[in-house]
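Taking it in order: structure first as structure tokens, then the write-up.
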Amino acid sequence: MTIRIVLADDERMVRSALRAILSAEPDMEVVGEAATGAEAVTVVRDRRPDVVLMDVRMPEIDGIRATEQILGTLDDPPRIVVVTTFENDSYVYDALRAGAAGFLLKRADADALVQAVRLVARSDTLLFPSAVRNLAAEHARAYPAPPPWVARLTGRESEVLRLMARGLTNAEIARRMEVGPATVKSHVAAVLAKTGTRDRTQAVIAAYEAGFMNSR
């Protein structure tokens, strides 16, 4: 399967560099580019990519609002990866909460870029899980009581959510729990449904904000 990609960055040189790296891969195709957040929304609607590499700071509307619009208006939205200079940027956390699947540092080398696109296209792991955990922990909310979904998780689902937060893939979780991949996939689906989240990144953020990761 060819991974269709849209590049959204206000710097032409950045887009050109990303295009050159990704287009050299046999399983990837850059199907569109955008220089502003508003343009990114339009291009994604027209080209229907699998993955979007989204700069956070862009003219007209930023990458956070563009992410919200894309994910909020398309029935089958792409996976969005935020491209940023600093991993502890508060904008990154806002983008993750808006629905971005993960983030990629602009200083990442070509191999890391290609691997990140493949990982997020598969939808079975987090990008930079330790940094996502740190951001989530820093922005954890003070809930007077755990959200209702916490009590609805089974013991197995709780274990899966904790392993997801550590950045383990479905295959790694299956080996750790000594169950089949299909069982893990079923548990992950149940976790997303009960937490009311779109994907693994959103579930992990919800877990940290609810104080779930600090409980046993």
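The values are calculated or read from the model by the stated rules, or taken from the named source; none is laboratory data. Model, not experiment: these values are computed from the prediction. Note that we place each Cβ from the backbone using ideal geometry, even for glycine, and neighbour counts take in every protein chain shown. In case anyone asks, the SASA skips ligands and DNA or RNA and just uses the protein heavy atoms, side chains included. Shrake-Rupley method; radii C 1.70, N 1.55, O 1.52, S 1.80 Å.
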Pair list, Cβ under 7 Å, 6 or more apart: segment 97-115 residue over 18 Å from VAL52 (Cβ atoms), other residue open to solvent by 10 Å² or more (accessible area, probe 1.4 Å): ALA110/ILE21
Qualifying positions in segment 150-162 - surrounded by fewer than 19 Cβ atoms within 10 Å (Cβ to Cβ) and either over 21 Å from the mean Cα position of the chain (by Cα) or more than 21 Å from ASN214 (Cβ to Cβ) (or both): ALA151, ARG152, THR154, GLY155, ARG156
Subset of segment 189-203 that is part of a loop (DSSP other than H, G, I, E, B) and closer than 21 Å to SER130 by Cβ - its residue that is modelled with the highest pLDDT: THR197
Of residues in segment 168-183 being of a type in the set (A, V, I, L, M) and within 12 Å of THR125 (Cβ to Cβ), the one least open to solvent (accessible area, probe 1.4 Å): ILE173
Qualifying residues in segment 101-111 (those that are among the hydrophobic types (A, V, I, L, M, F, W, C) and modelled with pLDDT under 90) - the one surrounded by the fewest Cβ atoms within 10 Å (Cβ to Cβ): ALA108
PRO129 being in contact with a Pro (Cβ under 6 Å, 6 or more places away or on another chain), surrounded by 18 or more Cβ atoms within 10 Å (Cβ to Cβ) and not charged (D, E, K, R): no
Lone qualifier among ALA190, ALA203, ALA207, ALA165 - being touching a Phe, Trp or Tyr at 6+ places or on another chain (Cβ under 8 Å) and surrounded by 15 or more Cβ atoms within 10 Å (Cβ to Cβ): ALA165
Top-ranked residue in segment 1-47 [being hydroxyl-bearing (Ser, Thr, Tyr) and touching a residue at least 12 places away in the same chain (Cβ under 8 Å); ranked as surrounded by the most Cβ atoms within 10 Å (Cβ to Cβ)]: THR36
Flag if THR84 is buried (at least 19 other Cβ atoms within 10 Å of the Cβ), more than 20 Å from ILE3 (Cα to Cα) and hydroxyl-bearing (Ser, Thr, Tyr): yes
Tabulated pairs, segment 190-214, first in contact (Cβ under 8 Å) with a residue 60 or more places away in the chain, second acidic (Asp, Glu) and crowded, with 19+ Cβ neighbours inside 10 Å, C-beta under 9 angstrom, 6+ apart or interchain: ARG200/ASP124
